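Written out below as structure tokens is the structure these notes cover.
Just so it is clear, none of the values below were taken in a lab; they were calculated from the coordinates. Since this is a predicted model, take the numbers as computed values, not measurements. With ideal geometry, Cβ positions are generated from the backbone for all residues, glycine too; neighbour counts draw on all protein chains shown.
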Amino acid sequence: MEVGEQIKKYRGALGLSQEAFAEKVYVSRQTISNWETGKNYPDINSLLRMSELFGVSVDVLLKGDVEVMKKIINEADINEFKNWSLILTILFFMTLISAVPLAKFLKWAGIAIWVLLAAVTMCVALLVEKKKKKYDIQTYREISAFLEGKTLDEIESIREEAKRPYQKILLAIAFAVIGLVVSILMGFLLK
């Protein structure tokens, strides 16, 4: 991170020791040392105090760190999306394979459990769809690019937007067929 180097540079230009500078920013000398060595990052209040003291904008203090912060945020978004997608996949398969056994062995209680599981799966699916809309990713290529931390160029993006309606219809049909096949197989296995 470059903010530590910026702090050290501007503090040196003012001729302030770490201790004297810490008093002006209302933090400890150790905190200043940690900022300058990159061990941690100043909070927004400290950044504002420093920008006033140095006579520069917060933007100048953070110059170079903005890209690092974007990358960290992007990685957090990707990990969150991956986690919710994994949860949805597990719930989907549990819902898919549990319908017939629950109904056969637990009768009405089993059906109630399955309906509850299906409702939870739908809620998670809606959450994943919200996240897809938030990041403007709908097609397989857009999702793959997002998970790799990349973006599609303008032409590719236009092509993928044109595919969205067809892919959703095909996906719905595919899952319906898979659900039907699994239900029939489970019915035969449990006879």
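Residue order for LEU16, LEU190, fewest other beta carbons within 10 angstrom first, comes to LEU190, LEU16.
In a fully extended conformation the segment linking VAL128 and GLN30 would gain 31.0 nm over its present Cα-Cα distance, using 0.36 nm per residue.
Potential lengthening of the chain between GLU80 and ALA119 amounts to 11.9 nm, from the contour at 0.36 nm per residue minus the alpha-carbon distance.
Taking a ≥ b ≥ c as the square roots of the eigenvalues of the Cα gyration tensor, region 3-63 is classed as rounded, since a/c falls below 1.5. Net charge near LYS134: determine it from the other residues with C-beta under 13 Å of the C-beta of LYS134, scoring Lys and Arg +1 and Asp and Glu -1. With Lys, Arg at +1 and Asp, Glu at -1, the neighbours total -1.
Protection proxy ranking for 99-105, 125-131, using the average of other Cβ atoms within 10 Å per residue and placing the highest first: 99-105, 125-131.
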